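One structure below.
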Amino acid sequence: MSSLLRFAIVTVGVLPQLVLAQSRRAPATLPPEVVTATRVPGVSYAPTATATTLDAAALRAEGITHLADALRRVPGVAIARSSSVGSQVALFVRGGQSNYVRVLVDGVPLNEPGGVLDLGRITLDDIERIEVVRGPASVLYGSEAVSGVIQLFTRRGGTTTKTRAEVGGGNIGTQRLSLGGEGTIAGLRATVQGDHHGSTGILPFNNAYRNTGVVSGLTYTGARSDLRITGRYNSSLYQYPTGSSGAIEDRNAERVDHRLLVGLDGGRRWSDRFETRLQLSSAEGHPRTNDGPDAADDTLGFFGYFTRGTVVRRLADLRGIYRLRPNHTLTVGGEFSRETERSQSVSLSEYGDYPGAFRAARETRAMYAQGLGEQGRFAYSLGARLDDNSAFGTFRTVRAGTSWRLTERVRLRASAGSAFKAPSFFENFAEGFTVGNAALRPERTESAEFGVEWAGTTGSFARATGFTQHFQDLIQYTGRPPREGGPNYYNIAAANAGGVELEGALPEVARTRVSAAYTWTDTRVTDAGFDVGTGANFVTGGRLIRRPEHLATLTLVHRLMERGSVSAVVTHTGMREDRDFSGWPATPVELPPFTTLDLSTELPLPSLAGAASRLQVRVDNATDVRYTQIQGFASPGRIWYLGLKLER
């Protein structure tokens, strides 16, 4: 174990004693409200779920612009980026699969049906805060909320008119432009933000990244009613020269995505005890892959591939919130969602063209109930949900949690629950080389956790959480179906994951804040299903690939002056198992551990044309460490950025 890892563990281990010593001199700090954990606004009851809230303004002050980079400091969250800036990023929470986390923007899901999501191109320019809830949450969110939920909340704006802008650049062709503002329109708070990110990439050719987005929102808040309408359009492109093994061999392959999100969230408080809330959302994506022949003489084997798709998710959720008595709440809700996907593809080869296409749709009707309460030192949450899907039938999930305050500052937590993830449309309905299985069941999990928390002062805290998850009915691909002409996907594999999360923060001293996190995760395959051989993705008794056993983060932020800061973030990623796909069959490999240092500063400058100005400087991987997150794929070295921010 490296010296950095020992330091992180010791740091988090002594935080409780330091916090408790400080807490004897000042009142405890109440934990922030986490709406994502309960879907009930305004509840300050002691939480029973494990959650982390990230202040997006503080992240931007450090120069962090993409969600994947922000999540690296959250315990229990592992990130695997395939290559350069803008490349595909997989998310593993508590050892779960990369499609086991539902990601929302103002309540609108970003995942494709079945949970697939590329985090690599989700930006934070318009975001106000990020809530990360770990543990099963299907009771409130249905499919995909297996090992957690991440929700991004966009800016709501204020009553005064403000404008802001940023321009900057750096090495590897880094570009950043943004322009936004907020104010009031006919009594409504309005926000608008446009942004552009770009890079030429770290690979020698065909590695450009472009990402442009526009976001707007309107907010109304009355005496008994509130309404929030948001819209978000994003267009991105990522060019990649790498094949499936990471070899640099393709001069024109690219992925393009156009995505439109629209959401409405409104509530009416009919009395002090009863409130109704309605949420409507629409997410529409148009992914494309273009990979034509590299040259006129590129005519051997399979030399080209094109695909076009349209994925639409629409959802309506209506719930009633009953405040039975002080600190006790009952929520009863119903949800209807419709998902559709159209896909066309063609493979070009010396043997001829092989087209493929499918069109599919499914609907889900769900009912759920949740009880929350706090009585004296005891708090509880109970929930149950029934989903009825047109493709896979009914599915039931439950969750129960409790917490007990031993003292004013120390609390014990425990919870357990079940969750599920529906099959993707491709797994259900694919035709051509790969045949989907319409009889697939959802993947499911049973989870439990136990934790202890110390509440300190001025934002200081310490928390330790142990967790376990049991994954069943994992959907697995086989190139040799049990019967001739049968489907290629079956519910057959299973795995377990368990571990410990430690996190904490010290009170600010000399304008400096210190926080640390450490996660130990152990994953084991209990049923390899169709997989055979040591190079298979699932090996009975082996670890799940690309999940590090050890993760540690140490963050220091020092306030230089009223609007200036300097920060340093040290991140340690432990050994991970992976597979080398450069040959057949694949061979097992171990990716060595690595430690990176990110530095940033934001300094106030003299006003420009009446606008407050700041200088942004950030250096990622300042020590230029060479590391690998996915076998065969190069990861970024040192990346620096210099920018100017204006606000008036």
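The values are calculated or read from the model by the stated rules, or taken from the named source; none is laboratory data. Predicted, not measured: the structure shown is a model, and the values here were computed from it. We place every Cβ from the backbone using ideal geometry, glycine too, and count neighbours over all the protein chains shown.
What tally of residues in the range 201-220 results from selecting those that are of a type in the set (Phe, Trp, Tyr) and surrounded by fewer than 19 Cβ atoms within 10 Å (Cβ to Cβ)?
2
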Exercise. Is it the case that Ala612 is surrounded by fewer than 19 Cβ atoms within 10 Å (Cβ to Cβ), without any contact (Cβ under 8 Å) to a residue 60 or more places away in the chain, of a type outside the set (D, E, K, R) and touching an Asp or Glu at 6+ places or on another chain (Cβ under 6 Å)?
Worked result: yes
Problem set entry | Qualifying residues in the range 76-89 (those that are part of a loop (DSSP other than H, G, I, E, B) and small (Gly, Ala, Ser)) - the one surrounded by the fewest Cβ atoms within 10 Å (Cβ to Cβ) | Ser82
Exercise. In this structure, is Arg72 at pLDDT below 95, surrounded by fewer than 21 Cβ atoms within 10 Å (Cβ to Cβ) and among the charged types (D, E, K, R)?
Worked result: yes
For this session: Evaluate the following for Val74: is it touching a residue at least 60 places away in the same chain (Cβ under 8 Å) and closer than 22 Å to Thr595 by Cβ?
Result: yes
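Working carefully through the options Leu218, Leu278, Leu227, Leu264, find the one that is in a strand (DSSP E or B) and under 24 Å from the mean Cα position of the chain (by Cα).
The unique qualifying residue is Leu264.
When you check Glu284 against the structure, is it of a type outside the set (S, T, N, Q), out of contact with any helix residue (DSSP H, G or I) (no Cβ under 7 Å at 6 or more places or on another chain) and under 30 Å from Leu324 (Cβ atoms), yes or no? Walk me through it before giving the result.
Numbers: of a type outside the set (S, T, N, Q): yes; out of contact with any helix residue (DSSP H, G or I) (no Cβ under 7 Å at 6 or more places or on another chain): yes; under 30 Å from Leu324 (Cβ atoms): no.
It is false that Glu284 is of a type outside the set (S, T, N, Q), out of contact with any helix residue (DSSP H, G or I) (no Cβ under 7 Å at 6 or more places or on another chain) and under 30 Å from Leu324 (Cβ atoms).
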Exercise. Hey, does the range 37-54 have a residue that's within 20 Å of Val89 (Cα to Cα), out of contact with any Ser or Thr (no Cβ under 6 Å at 6 or more places or on another chain) and touching a residue at least 40 places away in the same chain (Cβ under 8 Å)?
Worked result: yes
For this session: Run Asp598 past the list (1) surrounded by 18 or more Cβ atoms within 10 Å (Cβ to Cβ); (2) touching a Gly at 6+ places or on another chain (Cβ under 6 Å); (3) closer than 26 Å to Leu91 by Cβ and report the number of the one that doesn't hold.
Result: (2)
Problem set entry | Meets criteria (within 30 Å of Glu508 (Cβ to Cβ) and under 25 Å from the mean Cα position of the chain (by Cα)) for Thr573 | yes
Exercise. How many of the residues making up the range 525-543 are in contact with a Ser or Thr (Cβ under 9 Å, 6 or more places away or on another chain), under 30 Å from Arg73 (Cβ atoms) and either surrounded by fewer than 23 Cβ atoms within 10 Å (Cβ to Cβ) or among the basic types (Lys, Arg) (or both)?
Worked result: 2
Exercise. Which ones in the range 488-524 are more than 19 Å from Ala568 (Cβ to Cβ), surrounded by fewer than 22 Cβ atoms within 10 Å (Cβ to Cβ), within 26 Å of the chain's Cα centre (by Cα) and among the polar types (S, T, N, Q)?
Worked result: Asn491, Asn496
For this session: Kindly indicate whether any position in the range 476-487 is touching a Ser or Thr at 6+ places or on another chain (Cβ under 8 Å), surrounded by fewer than 18 Cβ atoms within 10 Å (Cβ to Cβ) and at pLDDT 90 or above.
Result: yes
For this session: Tell me, yes or no, whether the range 616-629 has at least one residue that is modelled with pLDDT of 95 or more, among the hydrophobic types (A, V, I, L, M, F, W, C), loosely packed, with under 15 Cβ neighbours inside 10 Å and not in a strand (DSSP E or B).
Result: yes
For this session: Would you point out the residue of the range 298-315, among those that are small (Gly, Ala, Ser) and surrounded by 15 or more Cβ atoms within 10 Å (Cβ to Cβ), that is nearest to Ala357 (Cα to Cα)?
Result: Gly309
Exercise. Which members of the range 396-417 meet the condition of being in a strand (DSSP E or B), touching a residue at least 40 places away in the same chain (Cβ under 8 Å) and among the charged types (D, E, K, R)?
Worked result: Arg399, Arg405, Arg411, Arg413
For this session: Could you please let me know if Gly95 is in contact with a Lys or Arg (Cβ under 8 Å, 6 or more places away or on another chain) and at pLDDT below 95?
Result: no
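Restricting the search to the range 144-165, which residues are of a type in the set (Gly, Ala, Ser) and at pLDDT below 95?
Gly157, Gly158
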Exercise. Does Gly356 count as over 30 Å from Val256 (Cβ atoms), surrounded by fewer than 16 Cβ atoms within 10 Å (Cβ to Cβ), in contact with a Ser or Thr (Cβ under 6 Å, 6 or more places away or on another chain) and not hydroxyl-bearing (Ser, Thr, Tyr)?
Worked result: no
Exercise. Checking Ile639 against (1) among the hydrophobic types (A, V, I, L, M, F, W, C); (2) touching a residue at least 60 places away in the same chain (Cβ under 8 Å); (3) out of contact with any Ser or Thr (no Cβ under 6 Å at 6 or more places or on another chain); (4) surrounded by fewer than 20 Cβ atoms within 10 Å (Cβ to Cβ), which single condition isn't satisfied?
Worked result: (4)
Problem set entry | Residue that is nearest to Trp404 (Cα to Cα) [pool: residues in the range 442-475 that are at pLDDT below 95 and not in a strand (DSSP E or B)] | Gly456
For this session: With a cut-off of at least 1 residues that are buried (at least 20 other Cβ atoms within 10 Å of the Cβ) and hydroxyl-bearing (Ser, Thr, Tyr), name the strands (runs of 3 or more DSSP E) lying wholly within the range 90-200.
Result: 148-154, 175-185, 188-199
Seminar exercise, completed: Restricting the range 518-566 to residues that are part of a strand (DSSP E or B), touching a Phe, Trp or Tyr at 6+ places or on another chain (Cβ under 9 Å) and among the hydrophobic types (A, V, I, L, M, F, W, C), the one farthest from Lys645 (Cα to Cα) turns out to be Val525
